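**Q** Provided herewith is a single structure, encoded as structure tokens, for subsequent inquiry.
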Amino acid sequence: MASRKTKKKEGGAKRAQRASSNVFSMFEQTQIQEFKEAFTLIDQNRDGFIDKEDLKDTYASLGKLNVKDNELEDMLKEATGPINFTMFLNLFGEKLHGTDPEDTILNAFKMFDPDAKGYIHREELQKLLMTQADKFTSEEVKQMFQSSNIDAVGNLDYKSLCYIITHGEEQEE
């Protein structure tokens, strides 16, 4: 019986290791080293975890002393658990690589393009973004439009925008 429990624990450890190693494959080795340096700077008490006090101390070292506790708590809530280095990488992986693949984002835009023209009119998209689900502010919409390919009559090329969202730059043709 004890050997069966040991085997289960070993199998669970392998799964956890496999899951955590996926995040490391998202980045180049030099990027991981830079994230490790950043993590070490933020982990002020050197306990291997970033907590509210670490964030407060980091802000203080940067000269910002009046950070509200709820702001710090909101930052910590972005993680699904305690923020060790692996969780730290996961958070940046989600931010830098997006949480949805390009085809998922493209399919979302296609729902608003029943004729499959490859574009959505700027005004229609702005209305949708500012009134549905996680509502955008006018400033957020403006920023998105600045990095979007919009023709003279106001049609936004959403395929190009999807590429920019997932790759961070416009595709060379």
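**Q** So, of the residues in region 68-80 that are in a loop (DSSP other than H, G, I, E, B) and closer than 20 Å to Gly93 by Cβ, which turns out to be most open to solvent (accessible area, probe 1.4 Å)?
**A** Looking only at region 68-80, we keep the residues that are in a loop (DSSP other than H, G, I, E, B), and these are 68, 78-80.
If we keep only those that are closer than 20 Å to Gly93 by Cβ as well, we get 78-80.
Details: Glu78: 100, Ala79: 15, Thr80: 136 Å².
Looking at the filtered set, the residue picked out is Thr80.
**Q** Would you check if there is a residue in region 140-147 being part of a loop (DSSP other than H, G, I, E, B), among the aromatic types (Phe, Trp, Tyr) and without any contact (Cβ under 8 Å) to a residue 60 or more places away in the chain?
**A** The answer is no, given that none of the residues of region 140-147 is part of a loop (DSSP other than H, G, I, E, B), among the aromatic types (Phe, Trp, Tyr) and without any contact (Cβ under 8 Å) to a residue 60 or more places away in the chain.
**Q** Considering region 52-67 alone, what residues qualify as being open to solvent by 80 Å² or more (accessible area, probe 1.4 Å) and modelled with pLDDT under 95?
**A** So in region 52-67, the residues open to solvent by 80 Å² or more (accessible area, probe 1.4 Å) come out as 53, 61-62, 64-66.
Ser61, Leu62, Lys64, Leu65, Asn66 - these are the residues of region 52-67 that are open to solvent by 80 Å² or more (accessible area, probe 1.4 Å) and modelled with pLDDT under 95.
**Q** For region 22-63, which positions are farther than 11 Å from Asn84 by Cα, free of Cβ contacts under 8 Å to residues at least 40 places away in the same chain, assigned to a loop (DSSP other than H, G, I, E, B) and within 21 Å of the chain's Cα centre (by Cα)?
**A** Ser25, Glu28 - these are the residues of region 22-63 that are farther than 11 Å from Asn84 by Cα, free of Cβ contacts under 8 Å to residues at least 40 places away in the same chain, assigned to a loop (DSSP other than H, G, I, E, B) and within 21 Å of the chain's Cα centre (by Cα).
**Q** While we're on this one: Kindly indicate the residue of region 81-93 that is touching a helix residue (DSSP H, G or I) at 6+ places or on another chain (Cβ under 7 Å) and not β-branched (Val, Ile, Thr) and also most open to solvent (accessible area, probe 1.4 Å) among those meeting that condition.
**A** Filtering first and then ranking leaves Phe92.
**Q** Does Lys14 satisfy the criteria of being over 30 Å from Glu124 (Cα atoms) and either open to solvent by 100 Å² or more (accessible area, probe 1.4 Å) or modelled with pLDDT of 90 or more (or both)?
**A** yes
**Q** Name the single residue, out of those in region 94-131 being within 19 Å of the chain's Cα centre (by Cα) and open to solvent by 70 Å² or more (accessible area, probe 1.4 Å), that is modelled with the highest pLDDT.
**A** My answer is Asp103.
**Q** A further question on this structure: In this structure, does Asp134 turn out to be modelled with pLDDT of 90 or more and either open to solvent by less than 70 Å² (accessible area, probe 1.4 Å) or assigned to a loop (DSSP other than H, G, I, E, B) (or both)? Full working, then the answer.
**A** Details: modelled with pLDDT of 90 or more: no; either open to solvent by less than 70 Å² (accessible area, probe 1.4 Å) or assigned to a loop (DSSP other than H, G, I, E, B) (or both): yes.
Spelling it out, it is not the case that Asp134 is modelled with pLDDT of 90 or more and either open to solvent by less than 70 Å² (accessible area, probe 1.4 Å) or assigned to a loop (DSSP other than H, G, I, E, B) (or both).
The values are calculated or read from the model by the stated rules, or taken from the named source; none is laboratory data. Quick caveat: nothing in here was measured; it's all calculated off a predicted structure. A quick note on method: Cβ atoms are made from the backbone with ideal geometry, for glycine too, and the neighbour counts reach across all protein chains shown. The protein model used for the area step is the full one, side chains on, heavy atoms only, and it has no ligands, DNA or RNA in it. Shrake-Rupley method; radii C 1.70, N 1.55, O 1.52, S 1.80 Å.
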